[in-house]
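Have a look at the structure below before the remarks.
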Amino acid sequence: MATVKRHPRLPGKLWIGTYEFYLKRVHRGDPRLEADAEGMSFWEDSNRGILILDTLDTRHELEVIWHEVTHCVNWVGDIDEDEKPIEGEDIAEKQGVLFTQFFLDNPRFEAWLSFTLKRIRQERAKSDDSADKPAEAA
Ligand SMILES: [Zn+2]
């Protein structure tokens, strides 16, 4: 009898610092997502969230989520990306603190991430197997 594995779902909310952000997959053409964007993040009081295009493959989706989470971490950490210069060491210090807090505060994201990384590794292993190369000697 086959065991049914439950796939952790992408959580609908994330804590970043002391701020709650929604996390949603949206279709291409969603008016909230810029025309050619794969992801976007917002941090107005009334609209704090991350949108991810729903057609990305597993690995690329993770990369885009990470990209957007990093923008949000930078906002929370007052790491101004465009205006004032900030030293690399200060960026790394703030990101280290905030990403640690991120993992502590988002256990459902951790479960989804762990599952997603396994899936990406499996897909990568499969594509390695199908590559046109001889099998390794035992
Ligand atoms: Zn960006």
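Name, by its number, the condition in (1) under 14 Å from Thr18 (Cα atoms); (2) out of contact with any helix residue (DSSP H, G or I) (no Cβ under 8 Å at 6 or more places or on another chain) that does not hold for Gly77.
Tallying (1) under 14 Å from Thr18 (Cα atoms); (2) out of contact with any helix residue (DSSP H, G or I) (no Cβ under 8 Å at 6 or more places or on another chain), Gly77 fails exactly one: (2).
Taking into account only those residues within the range 42-78 that are within 11 Å of the chain's Cα centre (by Cα) and of a type in the set (Ser, Thr, Tyr), which is farthest from the ligand (Cβ to nearest atom)?
Thr58
Considering each of Ser46, Ser127 in turn, give the residue that is loosely packed, with under 13 Cβ neighbours inside 10 Å and closer than 29 Å to His7 by Cα. Working first, answer last.
Working: Ser46 fails: closer than 29 Å to His7 by Cα.
So the residue among Ser46, Ser127 that is loosely packed, with under 13 Cβ neighbours inside 10 Å and closer than 29 Å to His7 by Cα is Ser127.
Name every residue in the range 51-80 that is surrounded by 17 or more Cβ atoms within 10 Å (Cβ to Cβ) and more than 17 Å from Leu98 (Cα to Cα), in order of residue number.
Result: Leu51, Ile52, Leu53, Glu61, Leu62, Val64.
Hey, which of the strands (runs of 3 or more DSSP E) in the range 1-62, taking only ones fully inside, have at least 2 residues that are within 22 Å of Leu113 (Cβ to Cβ) and among the β-branched types (Val, Ile, Thr)? I'd like the intermediate steps shown before the answer.
On the way: elements: 13-16, 19-26, 39-44, 47-53.
Correct list: 47-53.
Scan the range 105-129 residue by residue and report those that are more than 12 Å from Ile16 (Cβ to Cβ) and of a type in the set (A, V, I, L, M, F, W, C).
Quick first cut of the range 105-129, residues more than 12 Å from Ile16 (Cβ to Cβ) only: 107-108, 110-129.
Matches in the range 105-129: Ala111, Trp112, Leu113, Phe115, Leu117, Ile120, Ala125.
Test Glu34 against the criterion of being exposed (fewer than 14 other Cβ atoms within 10 Å of the Cβ) and either over 19 Å from Gly12 (Cα atoms) or hydroxyl-bearing (Ser, Thr, Tyr) (or both), and give yes or no.
Details: exposed (fewer than 14 other Cβ atoms within 10 Å of the Cβ): yes; either over 19 Å from Gly12 (Cα atoms) or hydroxyl-bearing (Ser, Thr, Tyr) (or both): yes.
Yes.
Throughout, read-outs are computed from the coordinates displayed, never taken from laboratory work. For clarity, every value in this text was computed on a predicted model and none was experimentally measured. With ideal geometry, Cβ positions are generated from the backbone for all residues, glycine too; neighbour counts draw on all protein chains shown.
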